[in-house]
Amino acid sequence: MSISLENKISTAQNLTAALSRVGDKNNVFGFDMIGEALQFVEIEGLPTNKHEEFKYCNVDAVFRKEFKEINNSFSEINMPPVVVDAINVYIINGRFESVSGKAEGLVICDLVAAQKTHKEVVEKNLGAHAKPTSSVFVALNTAYCQKGLFVYVEKNAKIDKPVYIHYLTDPISVSVINPRTLIVCGAGSNVQIIDDYYSKGANFFSTHTSEIVVGENAQVKHYKIQNEGDNAFGVITTEVVQSSNSVYDAATFIFSGSLVRNNHHVRLFGQNIEAHLNGLIIGRHNALIDNHTYIDHAMPNCNTNELYKGIAYEKSSLVFNGKIMVRRDAQKTNAYQSSKNILMSDDASIYTKPQLEIYADDVKCSHGTSTGKVDEDALFYLKARGIGDESARKLLLQAFAQELIDKIEIPSLHDKVLELFEESLK
Amino acid sequence: MITIKNLRASVEGKEILKGIDLEIKAGEVHAIMGPNGSGKSTLSNVLAGRADYEVTEGEVTFNGKNLLELAPEDRAREGVFLAFQYPVEIPGVSNINFLKTAINETREYKGQAPMEAKDFLALVKEKQHLVELDGKLANRSVNEGFSGGEKKRNEIFQMAMLNPSFSILDETDSGLDIDALKIVASGVNKLRTKDNAFLVITHYQRLLDYIIPDFVHVLYNGKIVKSGGKELALELEEKGYDEIKKQFETV
């Protein structure tokens, strides 16, 4: 493993800064974990585009150029209007700020507090699913996170209102933010989680790392709405682990951002598990939006489904890399994956790569991908009925996106996302 | 209503229409017949404004306007309708939303306010009856999973909804069994008025038993080689296109 000199310098700077913060009461991780994380950063360095997993996502160039110094000055943020009737959680500039609303069987607080009140749950899960040595960004997050978020849904609790987590970021100068989230859903529980990322102000880089534990028979719906400004850069890691008979149903909507890398990993540690990963991505301007999914079928009789659709405008690039691992014991696995894309300009790019690794012999797995322009025949058909070029394209793009937007089961959120989608086509 | 003068058009550099002259007046139904490859579909696509067809010469005047200068959507808004030979399936776009957009964009073009939702729904109900189109089909995605007959009926349903002054039926009879053909023809007949006109393009005489034309033209090798009354269609049916081919064969 090679370490460039420059890498060493920048990580060394980070190291010093972080060590001065070790023992910081707002970082939930202890000295050992932080030390391990920083050592990993030092050895590994930032991934360049020679790194297969970051082939199209040159984080190194962006990170080193823009985010060399970790500054943390932020302005007071104005909350965007809340349109969904929900339990609202606010993460301001990467730190847990407040929660409004409550429900029986639901605990929401910051991780440091949770370490005292829910010691066992936190110790068992935090850093266990998103290990600091799994990636440089998780390592950085581990070393620098402050006031992480803890959401705990007790055994058999059914939470009627969605838990709406607002990640709001508004830096005064170039900054790095390190939001950390641990969500533990007890056996038989039922909850809807919404991650809504919103930002303005100066450029920032986020290492947001989430761990989501879905207990036996639990049902979790997880919506991610990434509608940040052009100032948003980040590598977002979501590590999901599921137990038997559970359902994890995720839908990600990305409408803007300069560099968005989502690592969405789901590990199936049980039988009869169902997992869905869906995504709708609109790339504008020079955005690079890279979705890496990984589904690990470790045990038999599980069903997973992935559908990602992208629309790339201008000079944007969209990447979808979907890895499915079917281990030797995972017989009777059903795993399906599909990636469909539309190029809206000659300068836009789409990179899509399915990766199936199958070690069991009695499985059903499939993957498919398509990339093309708006269907010219359909376009002419609409125009021949008096529909103008702009409306005709909009109708076709809406038709393309509809099945994903319709996966949102909360009507007010559905309408909000539809509105954001329509806005993003302009 | 529409006057076509010396219309020449090419596809991918190959000349298909080699000088078409045709005048259609309000209240008239004209039929164009001809063997495969004679240029029938090219004529309909050129009139509707499909981009792959290049007009190299000639002019088309539609209600006093130069049709060839208009974008396809503006031709439609001016009252030109093409019933497609192969209607396109558009998954995810509902028939209703599609028609509402089409009607309202046309109204906007004419400076009219959008149609009230209840008026629109009443119109849908009335017109789908005309072609015996199942109400469920109207709510489905445009042509998706429709049978051949349903697609053609949907074309006529759209025609009824948009109420064009000049309609081109491009081989609407192809792929239809006799019952579907009767339904489609009866729909068209109900839409005939003294103020609108039709151009029926067909390979076979069969459709013309149900939609009786005022004039029949034979298109061969990119030109209209023969014109006459409805009896010309019967004559062609009897003798086939071979005689025409022999008579007008060009070397």
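Listed values, structure above:
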read-out	value
Residue that is farthest from B:Asp170 (Cα to Cα), among those in region A:342-381 that are within 7 Å of another protein chain (Cβ to nearest Cβ) and surrounded by 16 or more Cβ atoms within 10 Å (Cβ to Cβ)	A:Ala378
Residue in region A:337-354 that is within 30 Å of A:Ile193 (Cα to Cα), modelled with pLDDT of 95 or more, in contact with a helix residue (DSSP H, G or I) (Cβ under 8 Å, 6 or more places away or on another chain) and not assigned by TED's automatic domain parsing to the domain that holds A:Ile193 present	yes
Residue check for B:Leu133: crowded, with 22+ Cβ neighbours inside 10 Å and farther than 28 Å from B:Asn63 by Cβ	yes
Of all residues making up region B:44-61, the number that are among the polar types (S, T, N, Q) and in a strand (DSSP E or B)	2
Residue list for region B:205-238, restricted to those being surrounded by fewer than 16 Cβ atoms within 10 Å (Cβ to Cβ) and in contact (Cβ under 8 Å) with a residue 60 or more places away in the chain	B:Ile212, B:Asp214
Residues of region A:199-233 classified as part of a strand (DSSP E or B), without any contact (Cβ under 8 Å) to a residue 40 or more places away in the chain and of a type in the set (Gly, Ala, Ser), total	1
Residue check for A:Lys116: out of contact with any strand residue (DSSP E or B) (no Cβ under 9 Å at 6 or more places or on another chain), in contact (Cβ under 8 Å) with a residue 40 or more places away in the chain and basic (Lys, Arg)	no
In region A:311-336, residue surrounded by the fewest Cβ atoms within 10 Å (Cβ to Cβ) [restricted to those that are touching a Lys or Arg at 6+ places or on another chain (Cβ under 6 Å) and outside any loop (DSSP other than H, G, I, E, B)]	A:Asn334
A:Ala143 being in a loop (DSSP other than H, G, I, E, B) and at negative phi	no
Check on B:Val60, touching a helix residue (DSSP H, G or I) at 6+ places or on another chain (Cβ under 6 Å) and at the interface with chain A (Cβ under 8 Å from one of its Cβ atoms)	no
Total residues in region B:48-57, condition more than 14 Å from every other protein chain (Cβ to nearest Cβ) and either crowded, with 21+ Cβ neighbours inside 10 Å or among the acidic types (Asp, Glu) (or both)	2
Test set (1) away from chain A (no Cβ under 14 Å); (2) buried (at least 17 other Cβ atoms within 10 Å of the Cβ) - B:Ala122 fails condition number	(2)
Hits in region A:154-170 (condition: within 13 Å of A:Arg95 (Cβ to Cβ) and in a strand (DSSP E or B))	A:Ile165, A:His166, A:Tyr167, A:Leu168, A:Thr169
Filtered residues of region B:10-47 (kept if crowded, with 22+ Cβ neighbours inside 10 Å, of a type in the set (A, V, I, L, M, F, W, C) and within 15 Å of the chain's Cα centre (by Cα))	B:Val29, B:Ala31, B:Ile32, B:Met33, B:Leu43, B:Val46, B:Leu47
Search result, residues across region A:234-272 that are of a type in the set (Ser, Thr, Tyr), over 22 Å from A:Pro47 (Cβ atoms) and not in a loop (DSSP other than H, G, I, E, B)	A:Tyr248
Where A:Ser339 falls short, out of the listed (1) within 14 Å of chain B (Cβ to nearest Cβ); (2) of a type in the set (Ser, Thr, Tyr); (3) not in a helix (DSSP H, G or I)	(1)
Region A:382-416, residues that are hydroxyl-bearing (Ser, Thr, Tyr) and more than 8 Å from chain B (Cβ to nearest Cβ)	A:Ser412
Only listed residue being modelled with pLDDT of 65 or more, in contact with a Ser or Thr (Cβ under 8 Å, 6 or more places away or on another chain), more than 28 Å from A:Asn125 (Cβ to Cβ) and outside the structural domain of A:Val417 (by TED's automatic domain parsing), chosen from A:Asn78, A:Asn88, A:Asn71	A:Asn71
Condition check for A:Lys50: in the same structural domain as A:Val176 (by TED's automatic domain parsing), on the phi < 0 side of the Ramachandran plot and part of a loop (DSSP other than H, G, I, E, B)	yes
All positions within region B:76-109 that are assigned to a strand (DSSP E or B), facing chain A (nearest Cβ under 8 Å) and among the small types (Gly, Ala, Ser)	B:Gly92
So A:Ser317, is it away from chain B (no Cβ under 11 Å) and in contact with a Gly (Cβ under 7 Å, 6 or more places away or on another chain)	yes
Residue selected from region A:397-426 under the condition basic (Lys, Arg) and in a loop (DSSP other than H, G, I, E, B), by the criterion surrounded by the fewest Cβ atoms within 10 Å (Cβ to Cβ)	A:Lys426
Close pairs (7 angstrom Cβ cut-off, 6 or more residues apart or separate chains): over 12 Å from A:Phe253 (Cα atoms) in region A:405-418, buried (at least 18 other Cβ atoms within 10 Å of the Cβ) and at pLDDT below 95 anywhere	A:Ile410/A:Val84; A:Ser412/A:Val84
1 or more residues modelled with pLDDT of 85 or more: qualifying helices (runs of 4 or more DSSP H) within region B:160-251	B:178-191, B:231-239
Selected residue (criterion: nearest to B:Leu133 (Cα to Cα)) from residues of region B:173-204 that are among the acidic types (Asp, Glu) and exposed (fewer than 14 other Cβ atoms within 10 Å of the Cβ)	B:Asp179
Selection within region A:110-127 - closer than 25 Å to A:Tyr197 by Cα and surrounded by fewer than 18 Cβ atoms within 10 Å (Cβ to Cβ)	A:Ala113
Every residue from region B:140-173 that is under 12 Å from B:Tyr86 (Cβ atoms) and within 13 Å of another protein chain (Cβ to nearest Cβ)	B:Asn143, B:Lys151, B:Glu155, B:Asp170
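So that you can scan it fast, the table gives a plain yes or no per residue for (1) over 21 Å from the mean Cα position of the chain (by Cα); (2) among the basic types (Lys, Arg); (3) under 30 Å from A:Val84 (Cα atoms):
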residue	(1), (2), (3)
A:Glu314	yes, no, no
A:Asn334	yes, no, no
A:Met344	yes, no, no
A:Gln355	no, no, no
A:Lys364	yes, yes, no
A:Phe400	yes, no, yes
A:Leu420	no, no, yes
A:Glu423	yes, no, yes
A:Lys426	yes, yes, yes
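The values are calculated or read from the model by the stated rules, or taken from the named source; none is laboratory data. No experiment lies behind these values; they were computed from the predicted model shown. FYI the Cβ positions are ideal-geometry reconstructions off the backbone, even for glycines, and counts take in every protein chain you see.
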